[in-house]
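Take a look at the structure set out below.
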Amino acid sequence: MLVNKTYRTSEYRMFEVHEKGKTRIVADLPFFPDRIVHWALIMVLHDMIMKNLIHQTYAALPRRGAHQALSEVREALKDPDARYFLKLDIRQYFPSIDKEVMYRKLERRVKDRDVLDLCKLIIDEYPNRGLPIGNYTSQYFANFYLSELDHYMKEQYHCKWYFRYMDDIVIIGWSKPWLRRALKRIRDIVGPWGLEIKGNWCIRPTTEGIDYVGYVATRTEDGHVYVKLRKRTKMRMKRACKDIRTRWGAGEEPTAHDRGVLASYNGCLQWCDGYYLGMKTIYPLMDILSTKENDYNGEDEISQQHPPAREDHRTHRGHHVPQRAGLRRGAGGEDGDRLRVRLLPLRPCGIRQPEAERHAPRRSGVGRGAPLHRALGDVRQGRRPDSEGQRLHRLRHRGGGLRLGGVPRQPEGLEDGRESHADGPGLPGEGGVPAHADTPPAKPLTPSRGGILL
């Protein structure tokens, strides 16, 4: 079809999408042959387009999404010169793209006549103005359309902090007059291309927050940068959590949609300072979902290496230790595989159970992971793990040694014949505790780092 040049674009199916108070016309094409042809064309043009784009261009590009844009803006705000920002948007960007200008821009970069003819065919056979929203080629063409503006602002106007997410542009600078001149330059450049800047552009201090890619990044007076979830997204998350809580309270079982909603919002909160928002919304629901999953399958989903689920919301020096939420596939009974959320508690202070102890068989008095849980108990109560001398001192006055194999053993450092406590049990051989001659001598206790007896 492409070799014989007999390909023609199929009939578009148009439908409207209402989102955020906007109405967009989305164009849909059949999978064969149109979408396959579009993919084949982008495979040829991908390297050329990506090399022509600056690194601060995001949206619909590999490894250049909204979270990467947010991370760059957050880093830029840490600079003391990041005092003001200019935020602007192009009015009706996709429908406003001039087809002739788009083809001339491609013609300056692409020298293969067959590829150019296919690009012109796809662009011209769209019946409406501009580029169709929904074509795989449109997102690359739309990013390429403004690449000349990107190079001018970075290389000639010398914008240190310039970010573009498709048609949403943010420029951070040190003065308002400099940003006003940048706005005028952008108007002069995009005007001949048939584009118009919306009237809601703004120049504000960075201390008021930059609303960009779904988050609000704010720089405080002392230079600290924090990121919050956009208010509109936060309200949607609260409504969704309230609906899920109501249905689960009425006795309904969690659905695949509920799991997807919780996992999606949990991912959104990972990129902002939204821990306390999560504690009020999705984190309690994820704990309930984890409990329901464990009860449904009749098995303990959290291994013995981790503390039990009721201890997930532990405190560490007055602060809550969050959980790690992971998604995995599990057997769903009669309805086949289904997506489940598995909660794994984070370990405070990076304490890890020794490998030999994790796989050792259970013994009386020293269960698997006992030193780990002893250290975690110290951390939960807000104190540092005991040193070797402190632990021996407590054992001497509390009485009773560490039991190995069911036999109490005197801790190292205590002299023979000394009573540990008036009312407590004695040491082996005195105080009513018989000495077991047939018991093999236990290995001496070895102190490890952090004062944990291993």
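The values are calculated or read from the model by the stated rules, or taken from the named source; none is laboratory data. Computed from a predicted model, the values in this text were never measured in an experiment. Positions of Cβ are backbone-derived with ideal geometry, glycine not excepted, and every protein chain shown enters the neighbour counts. Only protein heavy atoms, including side chains, enter the accessible area calculation; ligands, DNA and RNA are left aside. Shrake-Rupley method; radii C 1.70, N 1.55, O 1.52, S 1.80 Å.
Let me confirm something: among Y157, Y162, which residue is crowded, with 21+ Cβ neighbours inside 10 Å, at negative phi, in contact with a Lys or Arg (Cβ under 7 Å, 6 or more places away or on another chain) and not in a helix (DSSP H, G or I)?
Only one candidate qualifies: Y162.
Take the conditions free of Cβ contacts under 8 Å to residues at least 40 places away in the same chain, part of a helix (DSSP H, G or I) and of a type outside the set (D, E) and apply them to K120. Does it pass?
yes
Based on what the data block shows, is R74 within 29 Å of S175 (Cβ to Cβ), touching a residue at least 40 places away in the same chain (Cβ under 8 Å) and either touching a Phe, Trp or Tyr at 6+ places or on another chain (Cβ under 9 Å) or open to solvent by 40 Å² or more (accessible area, probe 1.4 Å) (or both)?
It is true that R74 is within 29 Å of S175 (Cβ to Cβ), touching a residue at least 40 places away in the same chain (Cβ under 8 Å) and either touching a Phe, Trp or Tyr at 6+ places or on another chain (Cβ under 9 Å) or open to solvent by 40 Å² or more (accessible area, probe 1.4 Å) (or both).
Yes/no per residue for (1) assigned to a helix (DSSP H, G or I); (2) of a type in the set (F, W, Y):
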{"residue": "L183", "(1), (2)": "yes, no"}
{"residue": "G191", "(1), (2)": "yes, no"}
{"residue": "G199", "(1), (2)": "no, no"}
{"residue": "Y226", "(1), (2)": "no, yes"}
{"residue": "R232", "(1), (2)": "yes, no"}
{"residue": "C241", "(1), (2)": "yes, no"}
{"residue": "G260", "(1), (2)": "yes, no"}
{"residue": "Y265", "(1), (2)": "yes, yes"}
{"residue": "P284", "(1), (2)": "yes, no"}
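Based on this model, can you work out whether G267 counts as more than 19 Å from the chain's Cα centre (by Cα) and either under 30 Å from F163 (Cα atoms) or hydrophobic (A, V, I, L, M, F, W, C) (or both)?
Answer is no for this residue.
Kindly indicate whether A182 is surrounded by 13 or more Cβ atoms within 10 Å (Cβ to Cβ), among the small types (G, A, S) and either under 22 Å from L289 (Cβ atoms) or touching an Asp or Glu at 6+ places or on another chain (Cβ under 9 Å) (or both).
no
So, in region 23-39, exactly how many residues are under 19 Å from C119 (Cα atoms) and either in contact with a Gly (Cβ under 8 Å, 6 or more places away or on another chain) or open to solvent by less than 40 Å² (accessible area, probe 1.4 Å) (or both)?
Going through region 23-39 one residue at a time, the tally reaches 7.
What's the number of the only condition in (1) open to solvent by less than 30 Å² (accessible area, probe 1.4 Å); (2) not in a helix (DSSP H, G or I) that D222 fails to meet?
(1)
Right, D211: at pLDDT 95 or above, among the acidic types (D, E) and part of a helix (DSSP H, G or I) or not?
No; evaluated as a whole, the condition is false for this residue.
Show the residue pairs that are 6+ apart or on different chains and have beta-carbon atoms under 6 Å apart, the first residue being within region 33-62 and small (G, A, S), the second being buried (at least 18 other Cβ atoms within 10 Å of the Cβ).
These pairs meet every condition: A59/Y165; A59/M166; A60/Q139.
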